[in-house]
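Encoded as structure tokens, the structure appears first; notes follow it.
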Amino acid sequence: MEEDYKKQIRGFINFIVPISEKDWSEFSWRLHYKEYAKNDILLRAGETENFMYFMVSGISRIFQMKNGIEYTLRFNFPVSVFNSYASFISRKPSLINVQAVTDLRAFRMSYADMESLYDAAPSADRIGRKMLELLYLQRELKELEMNSKTAEDYYCELIKVNKNLTEEIPQKYLASYLGITPESLSRIKRKISDRLNIPENK
């Protein structure tokens, strides 16, 4: 099973940057398989991020606490890479939390292994740079879309791309991500449920 999952990761990496058999061998042995239960915290704000995660199953979220309130910044769906990247590269305490929204399967690579990979695999530096670009592109696009689209528009786009997985996300997390109240999200879901045949989650 792990080898099948690694094939998914290799496909993801190849999509970013074509990787040779030699470089993949160096990359592959540094990947360590982990399973997390729903609601597990992978990283707490104040801790330094020591891992890069390559998710093959489940959903994770990035969130921040302000005045005792959780603000969901991003969801991650398979196959994708995620972590507190600012903390990972700066080696400073993270300002964000990383949580498993559902049961989650992922490979993780330590900071030390990532650094050694740069020396061992010629394409690793380019892969790391491209992953960083993807992470920041996702962040910028979300910020731009949230300023130019309604919460309803953004919710519709989210469920069109990740319909089945989106249904597994608790409503309070979705509402926080969209910047609206759970009650407002309920109204949006009722409005579009018949049109898109999306069942309401509580």
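The values are calculated or read from the model by the stated rules, or taken from the named source; none is laboratory data. Just so you know, these numbers come straight off a predicted model, no measurement behind them. Cβ: placed from backbone, ideal geometry, glycine included. Neighbour counts: every protein chain shown.
Results for (1) within 14 Å of residue 101 (Cα to Cα); (2) crowded, with 19+ Cβ neighbours inside 10 Å, shown as yes or no for each residue.
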position	(1), (2)
12	no, no
21	no, no
30	no, yes
33	no, no
41	yes, no
44	no, no
69	no, no
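Residue 136 falls short on exactly one of the conditions (1) outside any helix (DSSP H, G or I); (2) within 17 Å of the chain's Cα centre (by Cα), and that condition is (1).
Of the residues making up the range 158-179, those that are modelled with pLDDT under 90 and touching a helix residue (DSSP H, G or I) at 6+ places or on another chain (Cβ under 7 Å) are 158, 159, 166, 178, 179. Would it be correct to say that residue 201 is modelled with pLDDT under 80 and part of a helix (DSSP H, G or I)? Criteria not met by residue 201.
Scanning the range 1-50 for residues that are aromatic (Phe, Trp, Tyr) and more than 16 Å from residue 110 (Cα to Cα) gives 5, 12, 15, 24, 36. Going by the structure shown, is residue 131 more than 30 Å from residue 191 (Cβ to Cβ), exposed (fewer than 14 other Cβ atoms within 10 Å of the Cβ) and in the same structural domain as residue 31 (by TED's automatic domain parsing)? Criteria not met by residue 131. On inspection, residue 123 passes the criterion of being more than 20 Å from residue 181 (Cβ to Cβ), surrounded by 14 or more Cβ atoms within 10 Å (Cβ to Cβ) and among the small types (Gly, Ala, Ser).
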